[in-house]
Amino acid sequence: MPSTMRIACVGDSLTRGDGAHEGRAQHPTRGNYPATLQHLLPGATVRNFGHGGATACNASDTPYETTREFRHARAFRAHVVVLMLGTNDAKQRHWRGVCKPGVDKLASGFDRILSALQPAAGLVLLPPPVLQEKWGIRRALLQPVHQAIRRWHHHLISRANSTRRLACASTYLAHPLPFWTDTAAIQLSSYVDDGVHLSQMGSQRLACHVRDALRDAGCLDMPDPAARGEYMCGAARGLRTRSVRHPGHRNREYSRAVGAKAVGDMA
């Protein structure tokens with residue numbers, strides 16, 4: 001393990017968040033999960049490489065590979081990459097248009113991004129559901145996006161001949177379960193008013209989820225349960241709030257699509 005681990009958070013506007021890391025908070029109601037993750041991991045260096053509107057597909061109007069953030073992420077030479085793309089791939093003009101077949105274009109994009117960044121380990125997250133359809137994002141298309149990511153991940157670990165529990169330094173680590181869904185109920189407080197982007201509470205919960213996933217995978221040396229941020233993460237996990245049924249799916253079907261596998265149960 002490196003003395004100072006470098007963690008690159010790669011994604012779209014859900015990763016970029018409020019933009020505070022760029023010098024000014026352009027969207028103050030949104031959270032910034034990489035900034036919170038840095039607070040939780042003071043011994044690591046966490047950087048935010050999110051770009052609004054970016055896709056995994058390389059044929060869209062904003063492929064992540066063409067962004068300035070991608071170039072900066074390559075120069076950062078991260079030990080661990082946390083990758084969350086797919087929300088903008090779920091736009092009608094992308095998934096059923098220029099990125100068709102979406103399954104292949106998304107998988108190819110993920111392969112190219114991770115191959116270029118060359119991390120020792122990667123944590124791949126499914127994009128969260130959306131409460132409202134905006135900017136062309138379609139709820140009905142997020143399910144095939146999720147399925148495509150899971151299929152890509154299955155092929156990835158098959159090619160790597162991974163064991164049931166991946167060691168941090170061996171190959172890419174995928175975590176297919178979004179932290180904000182359990183029994184497919186969506187925590188309303190995790191989103192801002194647009195129903196797409198994560199609020200400060202949602203970003204805090206995401207940062208805690210990422211920290212726990214990396215720790216469980218052996219990427220972090222944090223044996224003490226009273227480690228920094230444990231109180232904050234415990235409060236986020238135990239948050240009681242009004243939850244709503246996703247209007248675009250039946251809970252049982254969505255649970256099957258997302259799956260319920262832990263970090264060490266990815267076969």
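General remarks:
- A search for C-beta distances below 7 Å between a residue of the stretch 111-124 that is assigned to a loop (DSSP other than H, G, I, E, B) and any residue that is hydrophobic (A, V, I, L, M, F, W, C), counting only pairs 6+ apart in sequence or on different chains, returns 119/78; 119/80; 119/81; 120/80; 120/168; 120/169.
- Here residue 104 fulfils each of the conditions (1) over 19 Å from the mean Cα position of the chain (by Cα); (2) outside any helix (DSSP H, G or I) apart from (2).
- Residue 68 being surrounded by fewer than 23 Cβ atoms within 10 Å (Cβ to Cβ) and either small (Gly, Ala, Ser) or closer than 26 Å to residue 203 by Cα (or both): yes
- On the stretch given as the stretch 186-213, residues that are in contact (Cβ under 8 Å) with a residue 40 or more places away in the chain and acidic (Asp, Glu) total 2.
- Single residue of the stretch 89-101 satisfying the filter (in a helix (DSSP H, G or I) and either charged (D, E, K, R) or in contact with a His (Cβ under 7 Å, 6 or more places away or on another chain) (or both)) that is farthest from residue 145 (Cα to Cα): 93
- Some residue of the stretch 55-66 being in contact with a helix residue (DSSP H, G or I) (Cβ under 9 Å, 6 or more places away or on another chain), among the hydroxyl-bearing types (Ser, Thr, Tyr) and farther than 30 Å from residue 100 by Cα: no
- Test result for residue 6, surrounded by 14 or more Cβ atoms within 10 Å (Cβ to Cβ) and on the phi < 0 side of the Ramachandran plot: yes
Coordinate-derived values only; no laboratory data. Predicted model, so just to flag it, every value in this text is computed and none were measured. Note: ideal-geometry Cβ built from the backbone for every residue, glycine included; neighbour counts use all protein chains shown.
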